[in-house]
Structure formats: C-alpha cells, structure tokens
Amino acid sequence: MPRTLDRTTDSRENAAPDSGKPDSTGRAAGVSDGRNTPCGMLGRIAVVGRPRDAPTRTGAGAESKRRTRVLARLRISVPDRPGSLGRVTSAIGSAGGDIAKVDVLESESGRALDDVFVQVRDASQLERLTRALEALAGVSIHGVQHPAPPATGHTELELVQQVLSQPGRALQTLVDGAPGALGADWAALLEFGPDGGQSGVLAVSTRAPAHDQIIVSSPLRLGAVRVLDPATDQPWSGAALVPLTGTDVGLLLVREIGVDFHRSELWRYGPLGAIVGPVVTASVAPSA
C-alpha cells in the first residue's frame, strides 16, 4: 500500500501514513490545503481539499483561483537517498505548482517510484513543470495523469459506502463511482463464464466504449490486464481487473492516457471487491 510521506525531513525512513484523527481545530491530522505552503517548507503532505458541503472560508478571489486549478498525478522515479525529493519539490515550486500529496509506491535497487499529486492552472503550466523535473539529474517521469483523481485518500471508502447504502442499485452505483474514486477514465462490470473467459458486459460508466468493444482475454483475477482502444487497436495506458468476491463478475478499470495501475494500487482495490461482492451478489445471477 502506498505511504504518504512526512515532509518534516527529507528522509524516507520517516515516511508513515497519516493518522486521520482530528486535532483541536477539527481538522484531520496531517491535512494541508497546499495552496499557501511553500514547496520547500511542506510539513506533512497529505489530504487536499475539503468535504463537498463544507463552507468556503476564503475570499472570492482566492476561491476563484482554487476553482481554476486542476490536480495532476506525476509518476516519478528518483534516487532513493536523502535530498532527492527535496530537489523535486523545489522544482515543482519554482514552476508554480502546489503539491497536494506524495505516495511512495516502491523503493527497490536504489531507486524509488512515487506518485506526486500537484495542483496546476492548466496544461501549459504542467508542461513547464514536467520539463523542470526532467532537467533534474537522476529524475525520470514514468507518466502523467491530468486531470488526476481527488487526493483525499478516502475515495475508496466513500465508494464502498455508496454501494452498501443502495443495494438495489449496487452494480450501477459501483461502475458509475469507480472512475472518480479509483483514478480511472472509465469502468465496466464484466461477467465471466464457467470456462473462465469473459461472457458479457453487465454495466458501463460514462466514456466507456460500446459493450461489444470491451474485451478482456485474461481470467477473472486481481491484476493488470490488456484492453485495446477500439479506435486505434492499441492498448490503453493502463487497465486493471478487480474480482467481486462471491460472483463471476469483475470490475474493469481503464486509464486511457497517463499512468498504469501499480501493484500497490491493486492491493488497495482487492479488499474493495471483497467488501462489495456480497452486496452485488444479490444483483447477479449465480453461476451455473
């Protein structure tokens, strides 16, 4: 599972998940809105944003600026040593980006792979920012997702709550909410037959291709899969299949451009399938 870094120092050894417990102000520990915090002086980088219905406490000008900024996810490989992420955050700050969150995906063979969520004004600023990062020695960008999913850290739990609260609409609620909650461009619920192969498409989200154009040759198991873009006959950037426990149904997630699904993301999605599976079972006919 990816970790959210503590930026009070630049050492990865201090990385730890946020507690999420509210302090005396009622704000969750480790929460920063990211807008007024200099990149080089970040405390704990964690959740960005506010509850959907929370009142706005900023002035009209600041609120307008907040609305025009869009979240982007940059998957970055850096040397796994103190100071590496400090150079990255400084470069992002110099380009005018605001860091929302950093997830450490893996650390192997002297290098670390991170997902850095950054607020930018537009695609031009994002391009300047990526050029600044590519100019850093030892830093490489593996992919960019723009716009990125919310960096709240609780979207998966919110999706589970929505599915559980509407068991009669479990299938459609799941497929409609999955793209925004899990960082995909579109999603589909696929049914698999007794032979282990895909037998049909039960439901799709917006932006998904026609049912007969969604084809997965892999068996129903948790993992990355290959899905072709029907317009180009080339694979999308990333696709993942999440089995729903107790059914012959899998949740297909597709990212058209940007980053693939890292194994740490898949580890998080597996329990989601286990939790919502029993609810979805009531909406799906049992296997023969």
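The values are calculated or read from the model by the stated rules, or taken from the named source; none is laboratory data. Source: prediction; values computed, not measured. Using ideal geometry, Cβ is built from the backbone for each residue, glycine included, and neighbour counts are taken over all protein chains shown.
In region 147-189, the qualifying residues are those that are in contact with a Lys or Arg (Cβ under 6 Å, 6 or more places away or on another chain) and within 19 Å of L251 (Cα to Cα), and the one that is surrounded by the most Cβ atoms within 10 Å (Cβ to Cβ) is A184.
Any residue in region 261-273 that is under 20 Å from Q172 (Cα atoms), among the aromatic types (F, W, Y) and part of a strand (DSSP E or B)? No: zero hits.
Residues checked against (1) free of Cβ contacts under 8 Å to residues at least 12 places away in the same chain; (2) in a strand (DSSP E or B):
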{"site": "V88", "(1), (2)": "no, no"}
{"site": "I99", "(1), (2)": "no, yes"}
{"site": "V102", "(1), (2)": "no, yes"}
{"site": "S107", "(1), (2)": "no, yes"}
{"site": "Q119", "(1), (2)": "no, yes"}
{"site": "E127", "(1), (2)": "yes, no"}
{"site": "H142", "(1), (2)": "no, yes"}
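Across region 147-173, the qualifying residues are those that are closer than 19 Å to D185 by Cα and of a type in the set (S, T, Y), and the one among them that is modelled with the lowest pLDDT is T152. Is it true that some residue in region 213-229 is in contact with a Pro (Cβ under 8 Å, 6 or more places away or on another chain), aliphatic (A, V, I, L, M) and not in a loop (DSSP other than H, G, I, E, B)? Yes; the residues of region 213-229 include at least one that is in contact with a Pro (Cβ under 8 Å, 6 or more places away or on another chain), aliphatic (A, V, I, L, M) and not in a loop (DSSP other than H, G, I, E, B). Of the residues V120, V144, V139, the single one that is over 17 Å from K101 (Cα atoms) and either surrounded by 15 or more Cβ atoms within 10 Å (Cβ to Cβ) or modelled with pLDDT under 95 (or both) is V139. Residue check: V120 meets all listed conditions (1) under 20 Å from V216 (Cβ atoms); (2) β-branched (V, I, T); (3) within 21 Å of the chain's Cα centre (by Cα) but one, namely (1).
Listed here are the residues, each with its yes/no results for (1) under 25 Å from A72 (Cα atoms); (2) in contact with a helix residue (DSSP H, G or I) (Cβ under 6 Å, 6 or more places away or on another chain).
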| position | (1), (2) |
| --- | --- |
| A187 | yes, yes |
| V216 | no, no |
| L266 | yes, no |
| Y269 | yes, no |
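Restricting the first member to region 258-271 and to residues that are more than 27 Å from E127 (Cβ to Cβ) and modelled with pLDDT under 95, and the second to residues that are part of a helix (DSSP H, G or I) and among the aliphatic types (A, V, I, L, M), the beta-carbon pairs closer than 8 Å and six or more apart or on different chains are Y269/L182. Take the conditions in a loop (DSSP other than H, G, I, E, B) and in contact (Cβ under 8 Å) with a residue 24 or more places away in the chain and apply them to G277. Does it pass? No; evaluated as a whole, the condition is false for this residue. Set side by side, the residues R263, R268 differ, and just one is touching an Asp or Glu at 6+ places or on another chain (Cβ under 7 Å), within 27 Å of V144 (Cα to Cα) and surrounded by fewer than 19 Cβ atoms within 10 Å (Cβ to Cβ), which is R268.
Criterion applied to R221, R255 was being among the charged types (D, E, K, R) and within 16 Å of the chain's Cα centre (by Cα), and the one residue passing it is R255.
Being outside the structural domain of R75 (by TED's automatic domain parsing), in a loop (DSSP other than H, G, I, E, B), hydrophobic (A, V, I, L, M, F, W, C) and touching a Leu at 6+ places or on another chain (Cβ under 7 Å) is a condition met by at least one residue of region 178-187. Within region 65-86, the residues that satisfy the criterion of being in a strand (DSSP E or B) and surrounded by fewer than 18 Cβ atoms within 10 Å (Cβ to Cβ) are V70, S77, P79.
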